[in-house]
1. Have a look at PHE87, PHE20 and point out the one that is out of contact with any His (no Cβ under 9 Å at 6 or more places or on another chain) and closer than 19 Å to LEU137 by Cβ.
2. Take the conditions at negative phi, at pLDDT 95 or above, buried (at least 19 other Cβ atoms within 10 Å of the Cβ) and of a type outside the set (Ser, Thr, Tyr) and apply them to ILE106. Does it pass?
3. State all residues of the stretch 69-85 that are over 17 Å from PRO102 (Cβ atoms) and open to solvent by 70 Å² or more (accessible area, probe 1.4 Å); if no residue qualifies, say none.
4. Which condition number does VAL98 fail, the rest of (1) over 15 Å from VAL27 (Cβ atoms); (2) exposed (fewer than 14 other Cβ atoms within 10 Å of the Cβ); (3) at pLDDT below 95 being met?
5. How many of the residues making up the stretch 51-63 are open to solvent by 10 Å² or more (accessible area, probe 1.4 Å) and either within 18 Å of HIS108 (Cβ to Cβ) or of a type in the set (A, V, I, L, M) (or both)?
6. Give me the residue from the stretch 35-50 that is among the basic types (Lys, Arg) and part of a helix (DSSP H, G or I) and, out of that set, surrounded by the fewest Cβ atoms within 10 Å (Cβ to Cβ).
7. Check the stretch 109-119 and report whether any residue there is closer than 19 Å to VAL33 by Cα and modelled with pLDDT under 90.
8. Can you report the number of residues in the stretch 111-140 which are among the hydrophobic types (A, V, I, L, M, F, W, C), buried (at least 18 other Cβ atoms within 10 Å of the Cβ) and closer than 15 Å to VAL31 by Cα?
Amino acid sequence: ALETYPKFEDAREALHNDWFVQAYGLVVQLVEVLTKRPQELLLFAQEKWLGHFKGRNELRVGLELFGNWLEQALHFKVRTDYVLELFTREQALYTAFVKDRPVHKIVHAIESVHEAIRRLEANVNPQLTFERLTFDLQKG
């Protein structure tokens, strides 16, 4: 939560907020879809992700959580002694995600998330922003 909310009080409050807990779960589901069924990514976006992250600010939080997950995955991939700091209960998913994915594809995914956040800040439609991100992630 501290990665997403810069103020400690806001981060602590988010951890007790059902919406944030569900957001965390959706990031895990997003990674599962991306890892195991990438052809279903757009469907997942339309049915689940965009139903939860309504509006610019909520989508930004979801994208930041996903970006944090990807950054952890990158560290996990390149450093054999790396100890996960976020999403610590998802080690098997990290392993599956990085197994056959080269470093440059993980970096591309991180860059795509950052670009999506920039689009949101430039007032691009949130749904179009996330759909564009799903296409970027699928092409790798």
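1. PHE87
2. Here the answer is yes, as ILE106 does meet what is asked.
3. ASP81, VAL83, GLU85
4. Result: VAL98 passes all but (2).
5. Matching residues across the stretch 51-63 total 0.
6. Filtering first and then ranking leaves LYS36.
7. no
8. Matching residues across the stretch 111-140 total 4.
The values are calculated or read from the model by the stated rules, or taken from the named source; none is laboratory data. It should be emphasised that the depicted structure is a prediction, and the values quoted were computed from it without experimental measurement. Quick reminder, even Gly has a Cβ in these numbers, built from the backbone with ideal geometry, and neighbours come from all protein chains shown. Surface accessibility is based on the protein's heavy atoms, side chains included, excluding ligands, DNA and RNA. Shrake-Rupley method; radii C 1.70, N 1.55, O 1.52, S 1.80 Å.
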